[in-house]
Amino acid sequence: MKHSNVTVVRIYLTEGEGLTKILLAKLHDEEKVRGVTVFRGVSGFGRSGAVHSSTLLDLSLDLPVVIEFFDAPDKVRRILSHLKTQLPAGHVLSWPAQVNEG
């Protein structure tokens, strides 16, 4: 099985920040990355310690959101350099990985 090197990026946000649609459009329409998934969390907290969560009775509009994408390492570095002014410090993780090519 053939593999190629990629970089995986995970961006932590909340729905209330309003960045999810903007980032998804940029990654899909402009950058055309190889794969993107958006996860909506049921609960989470960050550096501030403020808990963002939902219950059956209260469907919060400020839930945690994780945007995960991958592509070639050079492309990901370029994308992240463009996004660094739009994303909060400490909210982006990245790591090397391999993807099977078939």
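Laboratory data are not the source of any read-out in this text; all were calculated from the coordinates shown. Remember, predicted model here, so these are calculated numbers, not experimental data. Virtual Cβ from ideal backbone geometry, glycine too; neighbours counted across all protein chains shown.
Short version: what are the Cα gyration tensor semi-axes of the chain, square root of 5 times each eigenvalue, largest first, in whole Å?
Computed over the chain, the values are 27, 15, 13 Å.
Between Val8 and Ala89, what is the spin-label point distance in nm, taking each point 7 Å from the Cα along the Cα→C-beta axis?
With each label point 7 Å from Cα toward Cβ, the separation is 2.7 nm.
Work out the FRET efficiency for Asp29 and Asp74 from their Cβ-Cβ distance, taking R0 = 30 Å, and round it to the nearest 0.05.
That gives a FRET efficiency of 0.90.
Across the chain, how many lysine pairs separated by 8 or more positions, or lying on different chains, have Cα atoms within less than 21 Å?
Lysine pairs, 8 or more places apart or on different chains, close enough: 9.
Enumerate the amide H contacts of Val8 below 5 Å, restricted to partners 5 or more residues apart or on another chain; note that Pro and chain-start residues carry no placed amide H.
Close amide H contacts, sequence-distant or interchain: Trp95, Ala97.
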